[in-house]
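Novice: Below is the structure I would like to discuss, written out as structure tokens.
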Amino acid sequence: MSELIIKNGYVFDPISGLKGDKADISVKDGKIVDKVSNKAEVIDAAGKTVMAGGVDIHCHVAGPKVNLGREMRPEDKFFRGEYRGGILKQGKRMEMGFSIPSTWKTGYAYARMGYTFTNEAAMPPLLAPHVHEEFRDTPILDQAAMPVFGNNWFCFEYIKNKELENNAAYIAWLLNATKGIGIKVVNPGGTEAWAWGENCTTINDPVPYFDITPAEIVKGLIEANEYLGLPHSVHIHGNNLGNPGNYKDTIDTLKLAEGTKAKNKFGREQVLHNTHLQFHSYKGTSWADFESGAKEVMDYVNSNKNITVDIGQVTLDETTTMTADGPFEYHLNQLNHIKWANVDVELETGSGIVPYIYDKNIKVCGIQWAIGLEIGLYAKDLMRVHITTDHPNAGPFTRYPRVIKWLMSQKAREATLDTMKWKDKVIAASNIASMDRELGLYDIAMMTRAGPAKALGLSSIYSLTKGADANIAIYNLDANKLPSDPELIEAAFQNTAYTLKEGVVVVKDGQIVAEPPKYTLWTKVNMPENAQVMHDIKEKFSRNYTVNLENYAVFDEHVHNARAIELDVA
Amino acid sequence: METVTMTLTSQPELFLECYNVTPDQFAGKSLAEIAALPAHEGKIQWKLGDFFKFDGKAGETAADTKIVVNGDVRRMKRFGQKMSAGEIVINNDTDMYIGGWMTGGKITVKGNADSFLGIAMEGGEILIEGDAQNHVGSAYRGDWRGMSGGLIRVKGKAGNDIGTAMTGGTIIIEGDAFIHVLTHAEGGTVIIKGDVEGRVGGQMVKGDAYIFGNILYPLPGFKKIATVEKEVDGATYTFDQFIGDLGERKTKKKGEIIYGNIYLKK
């Protein structure tokens with residue numbers, strides 16, 4: 001029986017309604033409890049900020065695509081390796097890489113920022129074992145992964161034939177086979193079209209051969225998601241990402257959620273999560289007259305409660321873009337000519353990888369930076385707008401503290417604007433310079449843990465409510481006396497005073513001190529076997545896949561410390 | 001200019017990374033402080049003083065500091081890495097990564113240098129009295145930013161991958177070279193006074209290669225457009241001019257298409 005109490009901190013937990021009041025947080029056997037005995041170990045958090053462990057709703061941190069990025073970018077590690085993480089008795093681990101860090105650096109760096117959960121944003125089902133093997137080698141963090149469904153031949157056919165129950169049964173089967181947590185959609189129809197050398201740039205472009213539109217795909221998947229009552233909603237990277245004028249396509253995509261209500265037992269309220277909204281909020285007709293469409297998109301998001309979004313903030317770094325949106329990466333490479341990898345994953349998906357430099361001296365990059373921050377600053381309900389960098393696409397996750405700094409301080413935003421070569425043009429093409437809103441710690445707690453946890457249906461695990469896992473971050477920030485120098489805010493969020501994972505102190509004063517067990521979360525749907533779907537699966541495997549059905553699903557031993565989120569479908 | 005002379009006193013078991021042997025690191029330091037600078041052998045961290053004895057005196061600034069390296073340093077890498085000014089003279093053969101990422105100053109090696117000589121170099125001068133191995137003035141593996149400025153002169157011969165992804169500066173190889181010259185280059189000049197086995201200018205977008213000897217296996221992506229006279233390394237010669245790589249993307253400047261050039265001495 002281990003007991004621990006965190007005393008006198010300013011506690012921010014939007015899930016349980018704590019808004020920075022001084023409170024004690026009690027922990028017993030790794031769970032949050034109401035009280036502990038007087039023998040409990042005491043952590044003094046006086047003058048510090050206490051939050052639940054951070055929850056990253058969208059990042060690319062494990063799997064074949066991430067690893068291909070590591071392979072094709074040895075220079076990402078250069079002059080950037082450090083013997084740093086790890087506990088002393090094991091010897092220090094080499095922490096390598098900047099935009100595509102090693103699994104070890106990933107776990108340690110997230111823990112140092114007070115994060116204890118990440119959601120891998122795109123798992124190709126066929127290659128799920130690789131994702132799970134990297135989870136095993138990523139210390140400390142609880143992790144989950146979303147298989148991609150937006151270009152899946154099974155889903156295309158079931159949706160086209162309006163077979164909702166069969167589509168749902170297939171999704172449940174695939175979540176089980178890959179140990180996935182929810183439904184990811186990347187460029188619906190477009191990645192499949194890319195295999196024919198084409199793309200779907202609006203929600204009404206038909207997919208070659210299948211004769212189905214992105215709108216039908218997304219609607220069909222939302223319907224199946226709510227039929228099953230999964231913990232998370234459909235998680236979408238829509239059509240026409242990264243192109244000027246795409247804000248209209250984004251609003252068209254968001255409108256597909258209209259009239260649908262969330263149906264689940266996990267407290268989730270949205271039916272559609274639009275990820276990295278920054279890449280989808282572009283106005284203009286070309287890169288020459290490119291400008292921010294954040295206001296238009298956020299006006300829609302603010303008035304529709306069944307939608308959540310994350311930002312995908314550009315951090316102005318040299319990074320590596322990687323996405324299942326194959327055609328997008330091809331076009332990006334045509335712009336920057338650096339290097340390009342492209343992968344097709346049979347009946348399921350594809351991907352592309354291109355290194356990219358978000359240079360503060362390039363006008364477009366400056367405007368992209370502004371758009372991301374505008375999304376956060378225009379938001380009315382910050383429980384529905386989450387901080388991400390779409391790691392590593394818009395910047396590495398290690399820059400979250402910097403994103404927080406920009407959102408909390410107009411002075412910091414102005415200082416960054418002042419370093420831009422085309423400052424005046426960036427200001428003219430965006431609204432960032434006129435926005436004086438500065439977010440507070442409660443807002444940040446919503447955007448970095450409470451909001452994402454709720455949207456993922458995991459707030460009973462990742463919060464400070466009674467019975468939740470005792471994953472806790474304690475920051476060196478006095479909530480009553482925030483530093484006037486914004487750099488100190490960034491520094492405080494970069495290295496916690498303490499990070500606790502299930503009641504175990506894993507980080508103390510920015511140093512890794514323990515590596516307790518971690519979980520792989522996945523969604524287990526209990527429902528009767530669907531004979532038609534099993535027949536279809538067997539047939540497709542014998543005709544179209546390169547692997548046997550028997551060799552397809554991840555083996556139990558692939559999945560590290562599995563923790564199933566269970567639900568029943570009659 | 002003040003001079004620090006460092007003399008090898010013991011050999012490492014593996015290879016020693018001498019990234020701290022630069023005028024920038026030595027300037028303003030006492031000999032004891034210099035001897036205490038770290039060096040790595042694999043993952044073991046040593047001090048430079050564990051392998052070298054130091055005499056003389058360092059200048060106040062990098063520009064005012066000269067370093068002379070004596071002894072058999074064939075197992076020592078990374079002399080002059082990232083140096084910005086001053087001078088290094090190595091009186092023997094040495095290992096890889098000499099003058100990598102350097103931005104200024106001068107390095108002279110009286111013997112042979114190994115691979116990755118002057119990679120991603122931005123400025124300054126390197127003179128090798130003997131031979132160099134592979135990747136002279138090229139980009140770090142995987143990187144697309146090769147040598148961008150400065151001069152590398154190799155009096156002997158060189159291996160493969162010379163000036164890969166080069167964007168500026170000059171490389172002169174006075175002897176023969178093997179394969180892959182100016183691959184993926186977007187600028188810069190490579191002069192080879194001997195013969196080249198082949199693959200000169202593959203996927204080159206911009207840049208100039210001057211070959212005094214023969215190219216045994218020329219690439220098909222180049223075509224001859226003229227015979228020209230050019231001054232190269234202080235003398236004027238007649239060359240056949242080839243443009244390419246015709247299979248690679250092309251950029252335009254003032255309406256004219258930019259090509260890479262291979263000048264083959266007649």
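Novice: Ignoring ligands, DNA and RNA, please state the percent of accessible area on chain B from carbon and sulfur, probe 1.4 Å.
Specialist: 46 percent
Novice: Taking all protein chains together and a probe of 1.4 Å, list B:THR251, B:THR164 from the most accessible to the least accessible.
Specialist: So, going from the largest accessible area down, we get B:THR251, B:THR164.
Novice: How many Cβ atoms of partner chains, on average, are near each residue of B:138-150 if near means within 10 Å of its Cβ? Present the calculation step by step, with values, prior to reporting the outcome.
Specialist: Working: counts 0, 1, 4, 4, 10, 8, 6, 2, 0, 0, 0, 0, 0.
Whole-number average of other-chain Cβ neighbours for B:138-150 is 3.
Novice: Another question, if that's okay. Can you give me the long-range amide H partners of A:GLY53? Hydrogens built in the peptide plane at 1.01 Å from N, cutoff under 5 Å, separation of 5 or more residues or another chain.
Specialist: A:ASN471, A:ILE472, A:ALA473
Novice: Please report, in cubic angstrom per residue, the volume enclosed by the convex hull of the alpha-carbon atoms of chain B. Working shown, then result.
Specialist: Values: hull volume 31.9 nm³, N = 266.
Cα-based convex hull of chain B, divided per residue, equals 120 Å³.
Novice: Further question: How many angstrom separate the Cα center of the stretch A:291-314 from the Cα center of the stretch B:243-266?
Specialist: 46 Å
Novice: Tell me the total accessible area that A and B bury against each other, 1.4 angstrom probe, in square angstrom rounded to 100.
Specialist: 1000 Å²
Novice: Right, next: Counting Lys +1, Arg +1, Asp -1, Glu -1, what net charge surrounds A:ALA394 among other residues with beta carbon under 13 Å of its beta carbon?
Specialist: -2
Novice: Further, regarding this structure: How much net charge surrounds B:THR7 when only the other residues with a Cβ under 12 Å from the Cβ of B:THR7 are counted, with Lys and Arg +1 and Asp and Glu -1?
Specialist: Neighbourhood net charge equals -1.
Novice: Something else now. Sorting check: for B:2-15, B:48-61, which peptide has the highest mean count of neighbouring beta carbons within 10 Å, and how do the rest follow?
Specialist: Details: B:2-15: 15.9, B:48-61: 17.6.
Answer by packing, highest mean first, reads B:48-61, B:2-15.
Novice: Something else now. Helix-only mean residue ellipticity at 222 nm, chain A, DSSP H runs n ≥ 4 weighted -39,500 (n - 2.57), per residue, nearest 500. What is it?
Specialist: The helix contribution divided over chain A gives -8500 deg cm²/dmol.
Novice: Right, next: So what does B:GLU125 come to for accessible area, using a 1.4 Å probe and Å² rounded to 10?
Specialist: We get 70 Å² for B:GLU125.
Novice: Also, quick follow-up: Under a 1.4 angstrom probe, counting protein chains only, how are A:TRP194, A:TRP340, A:TRP522 ranked by accessible area, largest first? Let's see the in-between values first.
Specialist: Working: A:TRP194 60, A:TRP340 100, A:TRP522 20 Å².
Most to least solvent-accessible, the answer reads A:TRP340, A:TRP194, A:TRP522.
Novice: Alpha carbon centre of the stretch A:490-541 versus the stretch A:419-454: separation in Å?
Specialist: Answer, in whole Å: 29.
Novice: Moving on. Treating only the Cβ of Lys, Arg, Asp and Glu as charged (+1, +1, -1, -1), what charge dipole size does the stretch B:10-138 show about its Cα centre? Round to the nearest 20 debye.
Specialist: The dipole magnitude comes to about 180 debye.
Novice: Also: If one computes the Cα centroid of the stretch B:23-91 and of the stretch A:375-412, what distance in Å separates the two points?
Specialist: 44 Å
Novice: Largest first, how would A:LYS305, B:LYS254, A:LYS524, A:LYS518 line up by accessible area (1.4 Å probe)? Don't jump to the answer; show the numbers that get you there.
Specialist: Working: A:LYS305 140, B:LYS254 200, A:LYS524 75, A:LYS518 10 Å².
Putting A:LYS305, B:LYS254, A:LYS524, A:LYS518 in descending order of accessible area: B:LYS254, A:LYS305, A:LYS524, A:LYS518.
Novice: Under the Karplus relation 6.51 cos²θ - 1.76 cosθ + 1.60, θ = phi - 60°, what is the ordered set of whole-Hz ³J(HN,Hα) values for the stretch A:141-152, x standing for Gly and Pro?
Specialist: For the stretch A:141-152, the Karplus curve yields 6, 6, 9, 9, 9, 9, x, 8, 10, x, 9, 8 Hz.
Novice: Can you tally the net charge around A:LYS360? Count Lys and Arg as +1, Asp and Glu as -1, for every other residue whose Cβ sits under 11 Å from the Cβ of A:LYS360.
Specialist: Working: positive: A:LYS363, A:LYS421, A:LYS423; negative: A:ASP317, A:ASP359, A:ASP418.
So the surrounding residues net to 0.
Novice: Here is a follow-up. Roughly how many Å² is the accessible area per residue of the stretch B:38-145, as a whole number, for a 1.4 Å probe?
Specialist: The answer is 37 Å² per residue.
Novice: Can you list the lysines whose alpha carbon is less than 16 Å from that of A:LYS501, not counting same-chain residues fewer than 8 positions off?
Specialist: The qualifying lysines are A:LYS28, A:LYS31, A:LYS466, A:LYS518.
Novice: Three principal axis extents, largest first, for the C-alpha atoms of the stretch A:397-553, in Å?
Specialist: Result, largest extent first: 63, 45, 26 Å.
Novice: Which of A:LYS421/B:LYS66; A:LYS22/A:LYS524; A:LYS184/A:LYS305 have a Cα-Cα distance over 32 Å?
Specialist: The answer is A:LYS421/B:LYS66; A:LYS22/A:LYS524.
Novice: Using a 1.4 angstrom probe, figure out how much accessible area the stretch A:1-147 has per residue, in square angstrom, rounded to the nearest whole.
Specialist: With all protein chains present, the stretch A:1-147 gives 35 Å² per residue.
Novice: Provide the descending list of Cα extents for the protein assembly as shown along its principal axes, expressed in whole angstroms.
Specialist: Reported extents, whole Å, longest axis first: 86, 67, 56.
Novice: Can I ask one more? For the pairs A:LYS339/A:LYS360; A:LYS65/A:LYS105; A:LYS405/A:LYS508; A:LYS454/A:LYS540; A:LYS105/A:LYS283, note any where the Cα-Cα span goes beyond 25 Å.
Specialist: A:LYS454/A:LYS540; A:LYS105/A:LYS283
Novice: Also, I was wondering about something else. How high is the relative contact order of the stretch A:254-352, in percent, with contacts defined as C-alpha pairs under 8 Å that are six or more residues apart? Let's see the in-between values first.
Specialist: Details: 112 pairs, mean separation 23.0, N = 99.
Averaging sequence separation for qualifying contacts and normalising by length gives 23 percent for the stretch A:254-352.
Novice: Now for a different question. What's the average, rounded to a whole number, of partner chain beta-carbon atoms within 10 Å of each residue's beta-carbon in A:71-80?
Specialist: 3
Novice: On to the next question. Considering only DSSP beta bridges whose two residues both sit in the protein assembly as shown, what percent are antiparallel, to the nearest 5?
Specialist: In the protein assembly as shown, approximately 45 percent of DSSP beta bridges are antiparallel ones.
The values are calculated or read from the model by the stated rules, or taken from the named source; none is laboratory data. Because the structure is a prediction, the values reported are computed rather than measured. Because the Cβ atoms are built from the backbone with ideal geometry, glycine has one as well, and the counts that use them run over all protein chains shown. Keep in mind that these areas ignore ligands, DNA and RNA; they rest on the heavy atoms of the full protein, side chains included. Shrake-Rupley method; radii C 1.70, N 1.55, O 1.52, S 1.80 Å.
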